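Remarks on the structure that follows.
The values are calculated or read from the model by the stated rules, or taken from the named source; none is laboratory data. For clarity, every value in this text was computed on a predicted model and none was experimentally measured. Here the Cβ positions follow ideal geometry from the backbone for every residue, glycine too, while neighbour counts run over all protein chains shown. Heads up: the accessible areas ignore ligands, DNA and RNA and are worked out on the full protein's heavy atoms, side chains in. Shrake-Rupley method; radii C 1.70, N 1.55, O 1.52, S 1.80 Å.
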Amino acid sequence: MLTDIATIGRSPENEVFLDDVTVSRKHAIVSRIQGKVFHLKDLGSLNGTYVNGYSTLEVQLSSGDEIQ
């Protein structure tokens, strides 16, 4: 099983670096499974993770989803 992972956060060590104080150092992770399915998981951030305006801890992403 092939899985690709990208971390999102305020720390420059993340693959997706967001220079914003409302973002946790390690805020969330996006995983790609078998090149087809993308999955987003909040890593216990203080301000939460939103997809299409809804707070979420974990969700399968679809094309066009807006992550905030």
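Here are a few things to note about the model shown:
- Val23 assigned to a loop (DSSP other than H, G, I, E, B), of a type in the set (Val, Ile, Thr) and either in contact (Cβ under 8 Å) with a residue 24 or more places away in the chain or open to solvent by 50 Å² or more (accessible area, probe 1.4 Å) (or both): yes
- Considering region 1-20, the residues that are among the aliphatic types (A, V, I, L, M) and not in a strand (DSSP E or B) include one that is least open to solvent (accessible area, probe 1.4 Å), namely Leu18.
- Of all the listed residues (Ser62, Ser45, Ser55), the sole one being open to solvent by less than 30 Å² (accessible area, probe 1.4 Å), of a type in the set (S, T, N, Q) and at pLDDT 95 or above is Ser45.
- Any hit, region 24-41, residues being hydroxyl-bearing (Ser, Thr, Tyr) and within 9 Å of the chain's Cα centre (by Cα): yes
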